[in-house]
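The values are calculated or read from the model by the stated rules, or taken from the named source; none is laboratory data. Remember, predicted model here, so these are calculated numbers, not experimental data. Heads up, the Cβs are rebuilt from the backbone with ideal geometry, glycines too, and the neighbour counts pull from every protein chain shown. Side chains included, ligands, DNA and RNA excluded: accessible areas come from the protein's heavy atoms. Shrake-Rupley method; radii C 1.70, N 1.55, O 1.52, S 1.80 Å.
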Amino acid sequence: MPFVCPDPCTELWIVYAQASRAHKPATAQLLDLAHECERIQDLEDVLDLVFTRGFVEAHLRTVCWWETPCGTRVPNGRTVSEVVASGSGHCAEHALKLVIADVPTALWVRYVYTHTPRAHTATQRIRLERTHEHLAHVTNDVFARGYLPARVRACVYWEAPCGRRVSEVASVCELLAAGEGTCEDRALRLIIGECAL
């Protein structure tokens, strides 16, 4: 039997899907909108409430969006009643997700072959996992997935977009915070030298 949403909706269950805490369990929260009925019309109003009450730090406002429990993005202009009637947010098990991209979830890498300088370089986005703490972890992942043949492992090194050499012990978070590897135009360069076979 489908859920019937009262009009106006006075309760909304949400869960915070924070990128920096992706490996930790998330807890659903009930927002009591009964006293806010005059002000709360759509999900944009709910966001204002979340930030006004301090549930999420204000500086993260520009990196937040709503998703259904199955991951479909929900426009901020949808009314709370529409969202609940569609099956999201009416209980803890079907809580509406507030996605907070407080840390980058991907690193952009450009493969540069030094022995074929005229060849086109390929650029790839690598999804970050909690195990990607240092650049060496990303390098190992590139080879483990077969993106490069194992025989060239000893012939690779990293460069920043500006050409500065980057050590494999460099922190992935610090590189991203400095704006390196955050987008296709600022991709870190994995330099592949010519190996003696």
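Condition check: in contact with a Gly (Cβ under 9 Å, 6 or more places away or on another chain) and either open to solvent by less than 90 Å² (accessible area, probe 1.4 Å) or modelled with pLDDT under 90 (or both). Does VAL152 satisfy that? It is true that VAL152 is in contact with a Gly (Cβ under 9 Å, 6 or more places away or on another chain) and either open to solvent by less than 90 Å² (accessible area, probe 1.4 Å) or modelled with pLDDT under 90 (or both). For segment 146-197, residues that are among the β-branched types (Val, Ile, Thr) and in contact with a Ser or Thr (Cβ under 9 Å, 6 or more places away or on another chain) total 3.
Per the listing LEU96, LEU31, the residue uniquely modelled with pLDDT of 90 or more, closer than 15 Å to GLU11 by Cβ and within 23 Å of the chain's Cα centre (by Cα) is LEU96. Would a scan of segment 170-182 turn up a residue that is part of a loop (DSSP other than H, G, I, E, B), modelled with pLDDT under 95, polar (S, T, N, Q) and surrounded by 14 or more Cβ atoms within 10 Å (Cβ to Cβ)? Checked segment 170-182: at least one residue is part of a loop (DSSP other than H, G, I, E, B), modelled with pLDDT under 95, polar (S, T, N, Q) and surrounded by 14 or more Cβ atoms within 10 Å (Cβ to Cβ).
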